[in-house]
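The values are calculated or read from the model by the stated rules, or taken from the named source; none is laboratory data. In this text, all values refer to a predicted model and were calculated from it rather than measured experimentally. So basically every Cβ, Gly included, is an ideal-geometry build from the backbone, and we count neighbours across all protein chains shown. Remember, those area values only see protein heavy atoms, side chains included, never the ligands or the DNA or RNA. Shrake-Rupley method; radii C 1.70, N 1.55, O 1.52, S 1.80 Å.
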Amino acid sequence: MTEAQPSADLRDTFRRVRRQTAELAAPLAIEDYVVQSMPDARPAKWHVGHTSWYFETFVLGREGVGQAPIQPEYRAVFGVSDAGVEISHDRGLLSRPTVAEVYEYRRRVDEAMEELLEGEVPEEVRELVMLGLHHEQQHQERLLADLKHLFSRNPLHPAYREASGGPRGGPAPPLRFVSFGGGTLPVGHFGTGFAYDNERPRHERRVAPFQLGSRLITNGEYLEFMEEGGYRERSLWLADGWEARAAGGWEAPLHWVRQGGGFAEFSLAGLAPMAANAPVVHVSAFEADAFARWREARLPTEFEWESAAADQPVAGTFLEDGHLEPQPAPTVAHRGAAGPVQLFGDVWEWTASPYLPYPGFRPSGRFGQPSGRSMSGRMVLRGGSCFTPASHIRPTYRHVLRPDARWQATGIRIARDG
């Protein structure tokens, strides 16, 4: 065990992240906490309890910390099978523990964590706390996506909270392609900052010259794809995508609602007219790929994306901005930008890369780290979204989803060979 380090900064970060989760849950009614709208989603109560279970189990429960179990029976409710826990998967059927009991549990965990962080914290424990905080930020993002899906199933189209003013800006700037020379390029996380195990080890990749779209694809552009029969033209679709389209009855992005002669879009502020200049969101990898083919382009690989983003500032529309919807590309910044804009925030960008380990990858074996068990049948996304906390994202971050997933804030950037 390494020498203990002062933990005032870690304590402040812990308070900030835990407070953010509580603030995100604050608009909810009791009835909103329990419902699970689909197998991939989780009830809000579970997110609140599960993120506390992490700290009780992996930090406070660590040998040598000396904390007695707080609520050991909750393991079957808030635990995960990756941690060797026998769990109930019917999370939306669990009315107990009550919301009040879950918040009391969270309070007791926070109290014990505050006491721990008042003193010197060994480096190994410090790393587990940081892992837990990034894990909680993942659940903040998932909480919003799950709530949006839940509320979208309600014919009343309820609002999670009032709109922040809607998409800003005028017409989308013209889409152009930015050229990159490629080469043998470094990929993966480096340095001493936090990263998940799937971002390492840093290594080199050969990247051919390529071109990347200067901004994200908009609702208006995606509507053109739809109006020209994109969902009916089989030649545009991967075989599995065509089957997923048929099985799901896809005719538009998730959360688009036919209204009059056009479309409205459901957001966390309720139903509103579709903003043509805003980035399209809630599309699957299959839809993104079909759109790219229709535009005589393709999706970028994750290595092309990372090489383009490596030297760019991590700036965009994130959770802290309060919009909770992707925003249009800034016209002035787009005209003056040498490289692509909207690389970070707004929407997770599908890539053409399957989720595979980097050469020399070794799973950490610690809960909360993306592991080798997920490296099958999933695609990599990059950049973060309007639901992502800004401090959680970096150029090397690899988000992964099944290619048919649509409920998270996923969108499109296209690419071409150089």
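Measure nothing but the geometry: give the 0 to 90° angle between the long axis through the Cα atoms of 285-294 and the longest principal axis through the Cα atoms of the chain, rounded to 10°. Once rounded, the angle reads 20 degrees. Put a dot 7 Å past the Cα of Phe177, heading toward its Cβ, do the same for Asn154, and the two dots end up 4.6 nm apart. Close amide H contacts of Ser353 (hydrogens built in the peptide plane, cut-off under 5 Å, sequence separation of 5 or more or a different chain): Glu302, Val380.
When each of the peptides 388-399, 114-125, 212-223, 309-320 is scored by the mean number of other C-beta atoms lying within 10 Å of its residues, the order from highest to lowest reads 212-223, 388-399, 309-320, 114-125.
Taking the DSSP beta bridges with both ends in the chain, the antiparallel portion is around 95 percent. Derived from the Cα gyration tensor, the three semi-axes of the equivalent ellipsoid of segment 15-110 are 22, 17, 11 Å, largest first. Which label belongs to the value computed from this structure, given these candidates for P(r) over Cα pairs in 20 Å bins from 0, in percent: (i) 27, 51, 19, 3, 0; (ii) 27, 59, 14, 0; (iii) 26, 57, 17, 0? Of the listed options (i) 27, 51, 19, 3, 0; (ii) 27, 59, 14, 0; (iii) 26, 57, 17, 0, (iii) comes from this structure. Relative to the dominant Cα principal axis of the chain, helix 8-25 is inclined by about 60°.
Spatially, segment 36-60 and segment 129-154 are offset by 9 Å when compared through their Cα centroids. Helical runs (DSSP H, four residues minimum) scored at -39500 (n - 2.57) apiece and divided by the length of the chain put the mean residue ellipticity at 222 nm at -9500 deg cm²/dmol. For the pair Glu228 and Arg108 in one chain, pulling the backbone fully straight at 0.36 nm per residue adds 37.5 nm over the alpha carbon distance. Using the Cβ-Cβ distance between Arg416 and Ala310 with R0 set to 22 Å, the FRET efficiency works out to roughly 0.65. Here the accessible area of the chain is 51 percent carbon and sulfur, with a 1.4 angstrom probe and all protein chains present. Placing pseudo-labels 7 Å out from each Cα toward the beta carbon at Met130 and Glu296 gives an inter-label distance of 4.8 nm.
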